[in-house]
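Step one of this worksheet: look at the structure below.
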Amino acid sequence: MAMCKVSSSVHFVTRSGSGRETSARAHWVPNTDVYQTDNGLVVKVELAGMRSDHLEITVEGNRLRISGTRPDGCRASKVHFVVMEINYGPFESVLELPPGYDLGQAKAAYLNGFLRIDVPQVQRPSKNTKVPIAEGNGSLL
């Protein structure tokens, strides 16, 4: 199975010459697991501290785009970080799925900080299918 994580960038803060912090408009990319099951593909995204109404999932061909904004409203306005590993602000993750999965039938659920998207396999008819023939009532046209 070949799968590609298309987007990869980080959110960072820089200091201007005046010493003021400015935020760059880069996105951060959440931690993501993708695995196969008997029924299809599962995409699991770690998004702690978010609400489902802050998330958006869109399908573009064979690409799955997950985006949103994680708010940062719990810390004081003027702090000096010793360690900063939690990303806030806008994020985006774009996954290019291999052929054989039906993104049009994908289902998503958000629980306890994890977004789970189940993508079923494309249902292919068996090679030896019989087409039923209905009895006509005198006219086929």
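Considering only residues that are surrounded by fewer than 17 Cβ atoms within 10 Å (Cβ to Cβ) and among the aliphatic types (A, V, I, L, M), which ones fall in region 58-69?
Answer for region 58-69, where residues must be surrounded by fewer than 17 Cβ atoms within 10 Å (Cβ to Cβ) and among the aliphatic types (A, V, I, L, M): just VAL59.
Restricting the first residue to region 66-87 and requiring it to be of a type in the set (Ser, Thr, Tyr), which pairs with a second residue that is surrounded by 10 or more Cβ atoms within 10 Å (Cβ to Cβ) and at pLDDT below 85 meet a Cβ separation below 9 Å and a spacing of at least six or different chains?
Going by the 9 Å Cβ cut-off, the qualifying pairs are SER67/HIS27.
Taking region 40-55 as the region of interest, how many residues are over 23 Å from GLN105 (Cβ atoms) and not in a helix (DSSP H, G or I)?
5
Quick check on my filter: what residues within region 34-56 are surrounded by fewer than 17 Cβ atoms within 10 Å (Cβ to Cβ) and either within 19 Å of ILE86 (Cβ to Cβ) or under 10 Å from the mean Cα position of the chain (by Cα) (or both)?
Matches in region 34-56: LYS44, GLU46, ALA48, GLY49, ARG51, HIS54, GLU56.
Counting just the residues of region 70-106 that are aromatic (Phe, Trp, Tyr) and within 19 Å of the chain's Cα centre (by Cα), which one comes out surrounded by the most Cβ atoms within 10 Å (Cβ to Cβ)?
PHE91
Looking only at region 24-39, how many residues end up being outside any strand (DSSP E or B) and either touching a Pro at 6+ places or on another chain (Cβ under 7 Å) or β-branched (Val, Ile, Thr) (or both)?
Count: 4.
The values are calculated or read from the model by the stated rules, or taken from the named source; none is laboratory data. Only a predicted model underlies this, so the values are computations on that prediction, with no experimental measurement involved. Heads up, the Cβs are rebuilt from the backbone with ideal geometry, glycines too, and the neighbour counts pull from every protein chain shown.
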